[in-house]
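Visitor: There's a structure below that I have some questions on.
Bear in mind these aren't lab numbers, they're just calculated from the coordinates by the rules spelled out. Source: prediction; values computed, not measured. Positions of Cβ are backbone-derived with ideal geometry, glycine not excepted, and every protein chain shown enters the neighbour counts.
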Amino acid sequence: MSKNKWIMVAVLAAVWTLPVLASAPTGAIFTTVFDGSEVNANQYPSKPDVYLDGGPGIGAPATAAGLDDGRYVFQVTDPSGKVLLSTDQARCRQFDVAGGLITGVVVTGCEHHTDLDVDHGAATVQLIPYNDTPNPGGVYKAWATKQADFLAGCVALGENDGLNVVDCGQTGGNRHGFVCSDSKTDNFKVKAVPIREIDAFFIKSSTFQTGLGVTWFDPLGASNRKWSYHVVFYNQTEAHVEGVEDGKHSIVIENQPNCTIGNIYLGNFNAPSRKLTYVGSGPQTVQFMIKNEKQATSPFLNIYCQ
């Protein structure tokens, strides 16, 4: 997380009452290394190093909901979702969830390599093979959606055999059979690129809190849950969204156990001044318009719990 004082990125924020947003499976997906531990804020030295994990997520409390049980399909794209980077048939990109955690991949003869995470004993799924991203910021997007929703998404695109093709096509909010509102996404980076992220700090009685969450909606309308935890690499306690692409991002802030939402302030680590701006009190959605893809930006929210 760069704390560079200077920035040439325009970051605008608007606050709204809680909107009616698209639904998606519960829980979260996140990219990680083979054993499920965090790695340098989702920036990886090479494509084989990136694995998919799922469930309550890093930093989530024991009571947090995991992924809905069932069978899922995953893919890797550029941040817009327009360019499918996964190169194998969709049947090779399936995993099962039980008890809210990934239990393994579906054996098809072309299934992806797996390992075990250190937190929950869940399976982690290696994302390769996938092509290099055309994104100049080196950003990729991982997706997961239920198999039934994927097959229905392919049928809507005129492909009745979605599992046995690489790409079902796309239109509007349907990206290669993955309907944005039915999908979980997580961004990651492979190579040294400018840091672009949105951070949320939960503060109660002057102490930074772990195990509290926000819901991130990306510019496509897909969502993911992000939990606050202590990031050893930065010595900070935060919930963070990594590798944010250009476009409008929404952070949904809600009351939760151990945190009744009070005042919320907005800042930017990369701005010439880190002056905090009051954005309101109580549960709400904060929207960020991220611009200038090649430049670093780190807008953040200080969320005070009562």
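Visitor: Compute the signed sum of charges (Lys and Arg +1, Asp and Glu -1) over the other residues within less than 14 Å, Cβ to Cβ, of Asn135.
Guide: Working: positive: Lys47, Lys82, Lys141, Lys189, Lys191, Arg196, Lys294; negative: Asp78, Asp132, Asp218, Glu242, Glu245, Asp246, Glu293.
Around Asn135, the surrounding residues sum to 0.
Visitor: Listing Phe74, Phe34 from the residue with the fewest other Cβ atoms within 10 Å to the one with the most, what is the order?
Guide: Values: Phe74 25, Phe34 20.
Ordered from fewest to most neighbouring Cβ atoms within 10 Å, Phe74, Phe34 come out as Phe34, Phe74.
Visitor: Could you give the size of the charge dipole of the stretch 28-190 about its Cα centre, using +1 on the Cβ of each K and R and -1 on the Cβ of each D and E, expressed in debye and rounded to the nearest 20?
Guide: Working: 10 positive and 20 negative charges, 80 e Å.
Rounded to the nearest 20 debye, it is 380 debye.
Visitor: Once phi is turned into θ = phi - 60°, what whole-Hz ³J(HN,Hα) does the Karplus curve with 6.51, -1.76 and 1.60 give for every residue of the stretch 109-123, x standing for Gly and Pro?
Guide: Computed from phi, the couplings for the stretch 109-123 are x, 9, 4, 7, 5, 10, 9, 10, 8, 7, 8, 10, x, 7, 6 Hz.
Visitor: Check the chain for me: any Cys whose beta-carbon has no other cysteine beta-carbon within less than 4.7 Å?
Guide: Isolated Cys, the chain: Cys180.
Visitor: Specify the residue with the greatest mean-square fluctuation among Asn160, Asn270, Asn187, computed from a Gaussian network of the chain linking alpha-carbon atoms under 10 Å apart.
Guide: With Cα springs under 10 Å in the chain, the top fluctuation among Asn160, Asn270, Asn187 is at Asn160.
Visitor: Where Rh is the Kirkwood radius over the Cα pairs of the stretch 156-240, the temperature 10 °C and the viscosity 1.306 mPa s, what D in µm²/s does Stokes-Einstein return? Before the final figure, lay out each step's value.
Guide: On the way: Rh = 15.7 Å.
The estimated diffusion coefficient comes to 101 µm²/s.
Visitor: Can I ask one more? What does the convex hull of the Cα atoms of the stretch 28-190 come to per residue, in Å³, rounded to a whole number? List each step's numbers first, then the result.
Guide: On the way: hull volume 16.1 nm³, N = 163.
Taking only Cα atoms, the stretch 28-190 has a hull volume of 98 Å³ per residue.
Visitor: Can you give the relative contact order of the stretch 28-190 as a percent, counting alpha carbon pairs under 8 Å and 6+ residues apart?
Guide: Values: 397 pairs, mean separation 43.5, N = 163.
After rounding, I find 27 percent.
Visitor: What residue among Ser223, Ser273, Ser206 has the largest mean-square fluctuation in a Gaussian network model of the chain, using Cα springs under 10 Å?
Guide: Of the options given, Ser206 has the highest mean-square fluctuation.
Visitor: Amide H of Tyr44: which non-local residues (sequence gap of 5 or more, or other chain) have their own amide H closer than 5 Å, using H built in the peptide plane?
Guide: Close amide H contacts, sequence-distant or interchain: Lys189, Val190, Lys191.
Visitor: Okay, moving on. Just want to confirm a number: the relative contact order over the chain, from Cα pairs under 8 angstrom separated by 6+ residues, in percent. Let's see the in-between values first.
Guide: Numbers: 856 pairs, mean separation 70.7, N = 306.
The normalised contact order for the chain reaches 23 percent.
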